[in-house]
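Peer 1: There's a structure below that I have some questions on.
The values are calculated or read from the model by the stated rules, or taken from the named source; none is laboratory data. What you are looking at is a predicted structure, and each value in this text was computed from that prediction instead of being measured. Here Cβ is always computed from backbone atoms with ideal geometry, including for glycine, and neighbour counts include all displayed protein chains.
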């Protein structure tokens, strides 16, 4: 049995001893076999053009004259440049320098923060040159580029160039950073990356970002282990199934042959493999725990593929691991925002189900309580399926159709900007608005012309419940280890189950809202449903 520290000072001492012993020799990057330092060097050389060459087509010459950062003859021998590119590739594959909403497994693209890179290299012009060279040499691919308003901040999303992702046999490699200057900067950056920092909370009552939660979560992440071979087998089987069930047809939104299913399937595989390598590593440099602005925790666990979780375990814990999550979490937590909205309208705070029901009956907001009953029974998505399919039986709707309806409700109701041209989604959004007109009015109020407003507020509600309330009480107040957050869920040893359930019961004892908790045994897949504040309908 491993010794587990039970006080924050001991954990802090443990963390500092781990970090202080790090050296530049421990800086490694996840990359692909086709993007090792030597291959990057060759790719840069292959795409260099001497514009003084009279045999060079005029079109290429003109492009290079107009382009602000053409590949220079010296770039292929610039070790710092090559290792910055490797740093970005590592970030795309592992999200190891987590920035808010930077990691998106479905789109295969990641925001690469110029701000973070400037902390490492302190030269914005040079950083821009590096990313432009990587694009020109077909190492990185610009997935999207847009400008935030009103502050006019530019944001770029990159993916690894599809030519590298289309290769079925392109292994993931771990390469050491042999450029000492870059390694030194990264070491300094990563030593500070998990240190608790003061954050600017969006609301006064939101105070989840504390030293204690970060340190205990990081300590647990370090002791989270995985049966590597078993998890790898699951990952490979899923990859083969994805290949068998797919074709190389371009996506409907983009006819560019470079943006097809093959790169996305391969990218999911690389994400999973990189995540697996990080979790199985004993190097603290491979571990990270971050709070985003909404107070949700992001860590090695949150990016670990769901299919492989059954092979996770905690070093020093011999119990099976359980996972608990709330059914229809964000649609259910929308009720909190509805109560806040109606409280302002009423002039008196609404905090319980009875108060909400009484006020809605008085004002004729019957749709609100219908919505409450739907989400209390975890039937939000089923209701959306019915609105989409009419009276068609749910059992006749395929898994693919269910996923499509889920995307439609995200696009048209919860997180869309109201500008979608997806006709089926528009139709579903209108149907939802007709049946739940007051709820839709509240949603539009919080979106306030920016769908991120609603998304951020729902994430904030999520973090208040799961981080401030449940995780904080378990891991900090009661000093229980082996507990980690998964946004709208938690994983923990089997013996903690009743204690965790009781925390949810206490959290909703006064408000009286009913909801369902799904409790899964990670190893066996067995599930049981627990209803909090159960009542007869």
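Peer 1: State all residues of the range 63-78 that are modelled with pLDDT of 75 or more and surrounded by fewer than 16 Cβ atoms within 10 Å (Cβ to Cβ); if no residue qualifies, say none.
Peer 2: Taking the range 63-78 first, the residues modelled with pLDDT of 75 or more are 69-78.
Hits for the range 63-78 are 72, 73, 74, 77.
Peer 1: Criterion first (more than 20 Å from residue 353 (Cβ to Cβ), touching a strand residue (DSSP E or B) at 6+ places or on another chain (Cβ under 8 Å) and surrounded by 15 or more Cβ atoms within 10 Å (Cβ to Cβ)) does residue 532 satisfy it?
Peer 2: Numbers: more than 20 Å from residue 353 (Cβ to Cβ): no; touching a strand residue (DSSP E or B) at 6+ places or on another chain (Cβ under 8 Å): yes; surrounded by 15 or more Cβ atoms within 10 Å (Cβ to Cβ): yes.
Spelling it out, it is not the case that residue 532 is more than 20 Å from residue 353 (Cβ to Cβ), touching a strand residue (DSSP E or B) at 6+ places or on another chain (Cβ under 8 Å) and surrounded by 15 or more Cβ atoms within 10 Å (Cβ to Cβ).
Peer 1: Which of the following residues is assigned by TED's automatic domain parsing to the domain that holds residue 372, in contact with a helix residue (DSSP H, G or I) (Cβ under 7 Å, 6 or more places away or on another chain) and surrounded by fewer than 18 Cβ atoms within 10 Å (Cβ to Cβ): 441, 435? Before you say what the answer is, go through the steps one by one.
Peer 2: On the way: 441 fails: in contact with a helix residue (DSSP H, G or I) (Cβ under 7 Å, 6 or more places away or on another chain).
Criteria check complete, one pass: 435.
Peer 1: I've got another one for you. Would it be correct to say that residue 158 is outside any helix (DSSP H, G or I) and at pLDDT below 70? Steps first, answer last, please.
Peer 2: Values: outside any helix (DSSP H, G or I): yes; at pLDDT below 70: no.
Judged against the criteria, residue 158 is not a match.
Peer 1: If I go through the range 404-444 residue by residue, how many of them are under 21 Å from the mean Cα position of the chain (by Cα) and over 26 Å from residue 336 (Cα atoms)?
Peer 2: 1
Peer 1: Looking at this structure, is residue 329 modelled with pLDDT of 85 or more, in contact with a strand residue (DSSP E or B) (Cβ under 9 Å, 6 or more places away or on another chain) and either more than 22 Å from residue 174 (Cβ to Cβ) or surrounded by fewer than 19 Cβ atoms within 10 Å (Cβ to Cβ) (or both)?
Peer 2: Working: modelled with pLDDT of 85 or more: yes; in contact with a strand residue (DSSP E or B) (Cβ under 9 Å, 6 or more places away or on another chain): yes; either more than 22 Å from residue 174 (Cβ to Cβ) or surrounded by fewer than 19 Cβ atoms within 10 Å (Cβ to Cβ) (or both): yes.
Yes; evaluated as a whole, the condition is true for this residue.
Peer 1: If residue 208 passes every condition in (1) under 22 Å from residue 93 (Cα atoms); (2) crowded, with 16+ Cβ neighbours inside 10 Å; (3) at pLDDT below 75 but one, which one does it miss?
Peer 2: Of (1) under 22 Å from residue 93 (Cα atoms); (2) crowded, with 16+ Cβ neighbours inside 10 Å; (3) at pLDDT below 75, only one is false for residue 208: (1).
Peer 1: Please find, within the range 508-529, the residue that is surrounded by the most Cβ atoms within 10 Å (Cβ to Cβ) out of those that are within 26 Å of the chain's Cα centre (by Cα) and under 26 Å from residue 339 (Cα atoms).
Peer 2: Only one residue fits best here, namely 515.
Peer 1: Go through the range 47-59 and give me each residue that's out of contact with any helix residue (DSSP H, G or I) (no Cβ under 8 Å at 6 or more places or on another chain) and either surrounded by 13 or more Cβ atoms within 10 Å (Cβ to Cβ) or not assigned by TED's automatic domain parsing to the domain that holds residue 134 (or both).
Peer 2: Taking the range 47-59 and keeping what is out of contact with any helix residue (DSSP H, G or I) (no Cβ under 8 Å at 6 or more places or on another chain), we get 50, 52-59.
Residue satisfying the conditions is 56 alone.
Peer 1: Additional query: I'd like to check something: does the range 311-326 contain any residue that is in a helix (DSSP H, G or I) and not assigned by TED's automatic domain parsing to the domain that holds residue 515? Outline the logic, then answer.
Peer 2: Applying the first criterion (in a helix (DSSP H, G or I)) to the range 311-326 yields 311.
Going one step further and asking which of them are not assigned by TED's automatic domain parsing to the domain that holds residue 515, we end up with 311.
Yes: one or more hits.
Peer 1: In addition: With respect to the numbered conditions (1) surrounded by 14 or more Cβ atoms within 10 Å (Cβ to Cβ); (2) within 14 Å of residue 437 (Cβ to Cβ), which one is the sole condition not fulfilled by residue 339?
Peer 2: (2)
Peer 1: Hey, among 11, 85, which residue is under 20 Å from residue 174 (Cβ atoms) and within 33 Å of the chain's Cα centre (by Cα)?
Peer 2: Working: 11 fails: under 20 Å from residue 174 (Cβ atoms).
Only one candidate passes the filter, namely 85.
Peer 1: If you go through the range 345-355 one residue at a time, do you hit one that is crowded, with 21+ Cβ neighbours inside 10 Å, closer than 30 Å to residue 216 by Cα and not assigned by TED's automatic domain parsing to the domain that holds residue 507?
Peer 2: No, the range 345-355 contains no residue that is crowded, with 21+ Cβ neighbours inside 10 Å, closer than 30 Å to residue 216 by Cα and not assigned by TED's automatic domain parsing to the domain that holds residue 507.
Peer 1: Now, a different point. Give the residues of the range 394-437 that are under 29 Å from residue 364 (Cβ atoms) and at pLDDT below 75, sorted by residue number.
Peer 2: The answer is 416, 418.
Peer 1: Could you run through the range 23-46 and say how many residues are crowded, with 16+ Cβ neighbours inside 10 Å and assigned to a loop (DSSP other than H, G, I, E, B)?
Peer 2: Of the residues in that region, 2 qualify.
Peer 1: How many of the residues making up the range 401-423 are under 16 Å from residue 383 (Cα atoms) and either surrounded by fewer than 20 Cβ atoms within 10 Å (Cβ to Cβ) or touching a residue at least 60 places away in the same chain (Cβ under 8 Å) (or both)?
Peer 2: 8
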